[in-house]
Amino acid sequence: MATAYELALEKTRNGAKPEVAAAELVALMTLDEKVHCLDGGVPFWVGIKDITTGGYHSRPFRAAKVDRLGIPGFHFSDGPRGLVVGEATAFPVSMARGATFDPELEVRVGDAIGKELRTIGADLYGGICVNLLRHPAWGRAQETYGEDPHHVGEMGAGLTRGAQRHVMATLKHFALNSMENARFGVDVKVDERALHEVYLPHFKRIVDEGVACVMTAYNSVNGEWCGQNDVLLADILRHEWGFAGFVISDWIFGVRDGVKSLQAGLDVEMPYRMIRNAPIVAALSDGLVTEELVASAVTRTLTTMLKFNVGKLPVSDLSVLLCKEHVLLSQEVAEKAIVLLKNESIDGASLLPLNLKNGSKIAVFGRLAAMRNIGDGGSSDVMAPNVVTPLVGIQEHFANCEVVDYSQATLAAQVQQAKQSELAIVVVGYTREEEGEFIGDSEDTAAMVSQIPRQDDPELASEYKNYMKENHHYAPDELRIKSRNGTFSIGGDRESIRLSDADVQLIHAVAKVQPRTVVVIVAGSAVVMSEWINEVPAVVMGWYSGINGGHALANILSGTANPSGRLPFVIPHDESHLPFFDRNAKSITYDYWHGQWKLDRDGNTPMFPFGFGCSYTNFSFSDPEVEVSETVKFRCAVRNTGSRDGATVVQIYTGRNDSAIERPKRRLVAFKRVEVRAGETVQVECTTSYQSLATRDIQTHGWFVESGTWQLEIGQFSGDPNSLCESFMILQRIQL
Ligand code: BGC
């Protein structure tokens, strides 16, 4: 016999509104069943034992399951760089994908990850992470796409579109979560314009794309924790943006006050029965919370599940995991992501692409050359086997050369070998030890420990205390990770945004004796390079580049692929050009100014601007046109004037010369990656909505587009001196 949930699904398929079918289903539930759907359902201690003993990478997290009515619950599995359960395809991290400037490619990545999620029965992908990169020291920078709201929104919308062909997707972390070590304690202060024009437009873009679920952030915003923040959840997300999906908390301790969280509109505390259950049960019996309020949260969850056909989604065959198509897609993304930052001539020819005679000796240096180093070791970690390291990629590609690994040799031996080689490749940067998700001892976590529901399973709690003691994962009474043997690495925010002293010393030493030196940087965001960059002719931003990253790197170095990645953030000459960052801050103000916008405002020339990247060919732009009607359309012709096929990114920036409103000198409003064959010309058209030109009206809390003359630059990076400059008129102020 069909269950009540199956009947509701059928009704929805036959045209009933999912919210009506969900409300009918909720009407059949007992109060206990409804309350059960407000959190992960699993008692805290049972859950914590599971998650710290390998459970995290073994199965999805389930919530909102009610057997009596056949409600299957939803099944969450993380991201963003792939399926985190079992062995799966590791894609390049999101920041690398941001460098492709290719939302359609991101649709394909989402599609592949969605399919892999369906092999383990997951139906909720946790990977649409779009917190804006305010400062490159942020430990989880690699999980987002960059510093620009328009670009981040388009990339995240692409991933959502692709993933939601197969599963529901989660947009996270709402909002202003871009400090890692302080994430459990910091209060981010922000004014209305910075909030809406800088830190939220990309979230709104993805809500408009139809994302199913939003995850709240751990931090607080303007004095209230995100998990119970009325302004963010009720006023903005639900009312202003009309978000109709469901809201979940960030994992352990994402909720502080259970009742407030429900009242603000957080529907499910994840991943276990933790902070909210007891206070909500008490508030219900005291009449402080109504059953209707509980029902409305459950209805939103079930509505979304019905809309997405959860419970009846096709299960993917195991053969999609690590299938050739996904591994090659990962490699394609890595190739399109690599940014060639510098490529000077040696003996009359650019050092890259490499032009080596048979038998040439290539010396490979740097502690990261032969390391499996595909990014953060926290919640986004993917257990990909057979990762192609830079060394292996280079060895396999340049099989006609002698490729020698000196990554483990002493500095003196490395210098000796650099002298005796035709070429030096130095692979340096970061690993999950120096940047990534952080869970560790801090005052903030100590304070939260008092919220642990100690009594939910006293026997297991005491058994588990002993277990933890023996395994040294946690101190007995507090949840404190002491070592790196636990599920999560210590990662955290970077201590410095330069290379380590050892890396810099290696570059100095190798470059001194070997003029043909290529530096490959592996990192999740900007690295300040001023102390060594003038000593080397070629620098490549290689990122955490996924399962086949080494092949992608070799293809770029050899010219098999023409580099087309563009920086999704600015690289300054000096860290003082960036906004204030204190990884232990208790309170911090996010104003309008960060990244390229801040450098422009302060008159600081970047080392490499936002949107920058070199190619092995050249492009010229001509015939700009602007059409202002229902939307704003930009057109131009792009000619590949070189002798190699290649791709560039047409970037469209707007600004105002004559306005009293403070805004960035140039703001990206549209972009398009285009492939152009050598000697050919293609016509490019990009469209943007008036919203991308809009200013937040802090009186009415609405939006308007200022009238007057708008400047337009169509170029290959922000501030490109070869940009096509145009202007267009908005005749009168437009109220949106
Ligand atoms: C992270 C989230 C992640 C969740 C589940 C949290 O610690 O902040 O990004 O989705 O864990 O793994």
Can you give me the number of residues within segment 345-366 that are at pLDDT below 95 and either under 15 Å from residue 550 (Cα atoms) or within 33 Å of the chain's Cα centre (by Cα) (or both)?
0
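What residue, of 260, 312, is within 20 Å of residue 26 (Cα to Cα) and either open to solvent by 10 Å² or more (accessible area, probe 1.4 Å) or out of contact with any helix residue (DSSP H, G or I) (no Cβ under 7 Å at 6 or more places or on another chain) (or both)? Walk me through it before giving the result.
Details: 260 fails: within 20 Å of residue 26 (Cα to Cα).
That would be 312, the only listed residue that is within 20 Å of residue 26 (Cα to Cα) and either open to solvent by 10 Å² or more (accessible area, probe 1.4 Å) or out of contact with any helix residue (DSSP H, G or I) (no Cβ under 7 Å at 6 or more places or on another chain) (or both).
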Taking the conditions exactly as written (over 24 Å from residue 491 (Cβ atoms), touching a Phe, Trp or Tyr at 6+ places or on another chain (Cβ under 9 Å) and of a type in the set (Phe, Trp, Tyr)), does residue 101 satisfy them or not?
yes
Taking segment 145-165, which residues are crowded, with 24+ Cβ neighbours inside 10 Å, part of a loop (DSSP other than H, G, I, E, B) and out of contact with any strand residue (DSSP E or B) (no Cβ under 8 Å at 6 or more places or on another chain)?
145, 146, 147
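Just wondering, is there one or more residues in segment 691-698 that are within 26 Å of residue 106 (Cβ to Cβ) and surrounded by 20 or more Cβ atoms within 10 Å (Cβ to Cβ)?
Here is the first cut: in segment 691-698, the residues within 26 Å of residue 106 (Cβ to Cβ) are 691-694.
Within this subset, residues satisfying the condition of being surrounded by 20 or more Cβ atoms within 10 Å (Cβ to Cβ) are 692-693.
Yes.
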Can you tell me which of 169, 182, 137 is part of a loop (DSSP other than H, G, I, E, B) and within 16 Å of the ligand (Cβ to nearest atom)?
182
Please determine whether any residue of segment 188-195 is away from the ligand (no atom under 15 Å from the Cβ), open to solvent by less than 20 Å² (accessible area, probe 1.4 Å) and under 26 Å from residue 118 (Cβ atoms).
no
If a residue must be within 12 Å of the ligand (Cβ to nearest atom) and in contact with a strand residue (DSSP E or B) (Cβ under 6 Å, 6 or more places away or on another chain), how many such residues does segment 40-62 contain?
3
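How many residues does segment 91-100 contain that are more than 16 Å from the ligand (Cβ to nearest atom) and either among the hydrophobic types (A, V, I, L, M, F, W, C) or in a helix (DSSP H, G or I) (or both)? Quick ask: steps written out before the conclusion?
Residues of segment 91-100 more than 16 Å from the ligand (Cβ to nearest atom): 91-92, 96-100.
From what's left, either among the hydrophobic types (A, V, I, L, M, F, W, C) or in a helix (DSSP H, G or I) (or both): 91, 96-99.
Residues flagged as more than 16 Å from the ligand (Cβ to nearest atom) and either among the hydrophobic types (A, V, I, L, M, F, W, C) or in a helix (DSSP H, G or I) (or both) within segment 91-100 amount to 5.
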Any residue in segment 241-256 that is of a type in the set (Val, Ile, Thr), free of Cβ contacts under 8 Å to residues at least 40 places away in the same chain and either surrounded by fewer than 18 Cβ atoms within 10 Å (Cβ to Cβ) or assigned to a helix (DSSP H, G or I) (or both)?
no
Members of segment 557-576 that are surrounded by fewer than 18 Cβ atoms within 10 Å (Cβ to Cβ) and either in a loop (DSSP other than H, G, I, E, B) or touching a residue at least 12 places away in the same chain (Cβ under 8 Å) (or both):
558, 559, 560, 573, 574, 575
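So, of the residues in segment 64-80 that are within 13 Å of residue 126 (Cβ to Cβ) and more than 12 Å from the ligand (Cβ to nearest atom), which turns out to be most open to solvent (accessible area, probe 1.4 Å)?
At the first step, the residues of segment 64-80 found to be within 13 Å of residue 126 (Cβ to Cβ) are 74-80.
When the remaining residues are screened for being more than 12 Å from the ligand (Cβ to nearest atom), the result is 74-75.
On the way: 74: 0, 75: 38 Å².
Top of the filtered list is 75.
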With the requirement that a residue be buried (at least 20 other Cβ atoms within 10 Å of the Cβ) and of a type in the set (D, E, K, R), what does segment 577-600 give you?
598, 600
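Could you grab me the full set of residues in segment 221-240 that are more than 13 Å from residue 300 (Cβ to Cβ), of a type outside the set (A, V, I, L, M) and open to solvent by 10 Å² or more (accessible area, probe 1.4 Å)? I'd like the intermediate steps shown before the answer.
Taking segment 221-240 first, the residues more than 13 Å from residue 300 (Cβ to Cβ) are 221-232, 235-236, 239-240.
Next, only the ones that are of a type outside the set (A, V, I, L, M) stay: 222-230, 235, 239-240.
Selection gives 222, 223, 224, 225, 228, 230, 235, 239, 240.
The values are calculated or read from the model by the stated rules, or taken from the named source; none is laboratory data. What you are looking at is a predicted structure, and each value in this text was computed from that prediction instead of being measured. With ideal geometry, Cβ positions are generated from the backbone for all residues, glycine too; neighbour counts draw on all protein chains shown. To get the accessible areas, we keep the full protein, side chains included, count just its heavy atoms, and leave off ligands, DNA and RNA. Shrake-Rupley method; radii C 1.70, N 1.55, O 1.52, S 1.80 Å.
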